[in-house]
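As structure tokens, the structure follows; a few thoughts come after it.
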Amino acid sequence: MVTNKLKPSRSKSDWTPLIYALILALGIFIGNTLSQKSQASITSKDLSDDKELSLIKLEQVYQYLENRYVDQVKFSDLTDEAISNALKALDPHSYYVPSQDVKDFNDRLNGHYYGLGVETTLINDRLFITNVHDDTPAEANGLQSGDEILSVDGVEVNPETDVALLMSKFKSMRHRDIQLQLRSREEEEIQTVRISKSRIEVPSVTASFMLDEQTGYVKIKRFSLDTYAEFMGALEPLIEDQEMSNIVIDLRGNPGGYLKQVVDILAQFYTEEDIVLVSTEGINSKKIEYKSTGKNFYQIDKIAVLIDNVSASGSEVLAGAIQDTDRGIIVGASSFGKGLVQERYELIDGSEIRLTTSRYFTPSGRSIQKIYESSANAESDSTQKYTSTNGRPLETHCGIVPDIMVADTAWTEVMREAFMECWLLESDGEETVQDLVSCLQSKNLKLPDSFIEDKLLLLSRSPQDALSQLKDKDEAILKALEYIRSDELFQTVVRH
């Protein structure tokens, strides 16, 4: 017999767990149904829809990792690695900057940072100072190139040390003071110093002086935020006090930087306005032409630009404009061949991507980008013919090919590491050039004695002092002067 009984009433809160359970069950059912349908649709989807399929596939991988992988997955690290590798696959110059590295990266690009004013290198798990900037806390406290850093704030430098974390202490604004234990390279003396950090300005124009009565020299190491102002500051005493009329601009070793700084410097060399100096264009970026303003402060007659195989990007833009418009001569070795423009985009967590959005083109229309294997869209313009303003043919292999070639010993990373190892680890501060030659030969590297001698001078002196001493033996400078001093030689280059 079935009897009906009146059930006690339930409050709203009593039903809440049941409602949540039903919603969860319904969500799982709908999710599984949609997942099955999406799986079916993926197999039948037109494969030409590359972007949508790629996103679905990436989401599937992350779902499998979350639900099926044997261990815990740290998705932030995995995503960082995935983004970095994806950008590397596009071209050699698109890249990813993790959030924790963004400030340091931008500071270095902008030419300033908060710290001591030293540059360091790690060799065989030992940390050495390789450069001390002028007018910095490091210089004031007597730090020198070649000093070994044994500990930072009590943390020893050894094979188990997280050196990246240790070095972050140098630029952290949370602690104004930092304590270093140092071993002097020359005296083997160990000392402990406490140094107060400050804002460090790293100049991009590192040397300027007269080569002869009429010709000045300016060295630009990179194009940072203040390079144009620094360049004009270097020109002023050379022109107003020493009556400079010609200039040699040294861009050797300059990897580039901010395009605006390059264009502003270029504009100073043209009295006419609306001369195209460089243009940029990409599939998703409209063509932009950067032109002269006709508002130059000084009258400069002859120009020679020095480049080498490390000169890239902005350096190639400057050299390319001078060459294409026959405004001056290019001396040295063929440049690197980086003709891709990167723009900066911030992601949700503060990290950034530097994405290639367009290509640089010189005034004649040349692309300076060398061929790279990772992109099917890389273009070569080797079959296209280009001419300068005066009608002379221009080389179009990749990068900028100098008008006057000067043989140069390439300073590769392998050479640099071997040289620093010999200088820092296998010498006592009283080494001779021949000692370093012997050490390098034991590492299967044979470098000219004069090359090693020059590198030692650059390590031990400021760029201004070292470069002014080396000017009389620098083959590229000497060749530039030879052409500048002779109207006939100079005109054979710039006149067709």
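Details
- Placing +1 on the Cβ of every Lys and Arg and -1 on the Cβ of every Asp and Glu, with nothing else charged, gives the chain a dipole about its Cα centre of roughly 2960 debye.
- Length-normalised contact order of the chain in % [C-alpha pairs under 8 Å, at least 6 apart]: 11
- For segment 452-496, taking Cα atoms only, Rg and Dmax work out to 14.4, 45 Å respectively.
- Per principal axis, descending, Cα span of segment 205-407 in whole Å: 52, 45, 35
- FRET efficiency, 1/(1 + (r/R0)^6) with R0 25 Å, evaluated for Met405 and Gln441 via beta carbons: 0.35
- Low-density loop positions, GluC sites (Glu not before Pro), segment 427-495 - DSSP coil, at most 16 other Cβ in 10 Å: Glu430, Glu431
- Hydrodynamic radius by Kirkwood, which averages 1/r over all alpha carbon pairs of segment 42-150, in angstrom: 18.6
- Comparing Ala476, Gln63, Ala86 along the charge dipole axis of the chain, the residue lying farthest to the positive side is Gln63, per the Cβ-charge model.
- When the helices of the chain are scored as -39500 (n - 2.57) per DSSP H run of n ≥ 4 and the total is divided over every residue, the value at 222 nm lands at -11500 deg cm²/dmol.
- Residue-normalised convex hull volume from the C-alpha trace of segment 112-201: 87 Å³ per residue.
- Directionally averaged projected area (convex hull, Cα atoms, segment 274-318), nm²: 4.7
- With only Cα atoms counted, segment 317-356 has Rg and Dmax values of 16.3, 47 Å.
- Counting only residues at least eight positions apart within a chain, or on another chain, the aspartates and glutamates with an alpha carbon under 17 Å from that of Lys370 are Asp91, Glu281, Asp308, Glu316, Glu379, Asp381, Glu395.
- Secondary structure note: in the chain, about 75% of the DSSP beta bridges are antiparallel.
- Low-density loop positions, trypsin sites (Lys or Arg not before Pro), segment 73-127 - DSSP coil, at most 10 other Cβ in 10 Å: Lys74
- For segment 104-213, GluC sites (Glu not before Pro) are listed when DSSP marks them as loop and at most 12 other Cβ atoms sit within 10 Å of their Cβ; the list is Glu160, Glu186, Glu187, Glu188, Glu189, Glu213.
- Cα-based shape type of segment 167-218, given that a ≥ b ≥ c are square roots of the gyration tensor eigenvalues and the cut on a/c is 1.5: oblate
- Cut-off under 5 Å, modelled amide H: who pairs with Val278 long-range: Tyr290
- Other residues lying with their Cβ under 10 Å from the Cβ of Arg344 contribute a combined charge of -2, Lys and Arg counting +1, Asp and Glu -1.
- Annotation: cysteines of the chain without a disulfide-compatible partner (Cβ-Cβ under 4.7 angstrom) are Cys398.
- Kirkwood-based shape ratio for segment 255-299, expressed as Rg/Rh from alpha carbons: 1.04
- For the chain, the equivalent ellipsoid derived from the alpha-carbon gyration tensor has semi-axes of 53, 34, 21 Å in decreasing order.
Every number in this text was worked out from the coordinates using simple rules, so none of it is lab data. Keep in mind the model is a prediction, meaning the values are calculated, not measured. FYI the Cβ positions are ideal-geometry reconstructions off the backbone, even for glycines, and counts take in every protein chain you see.
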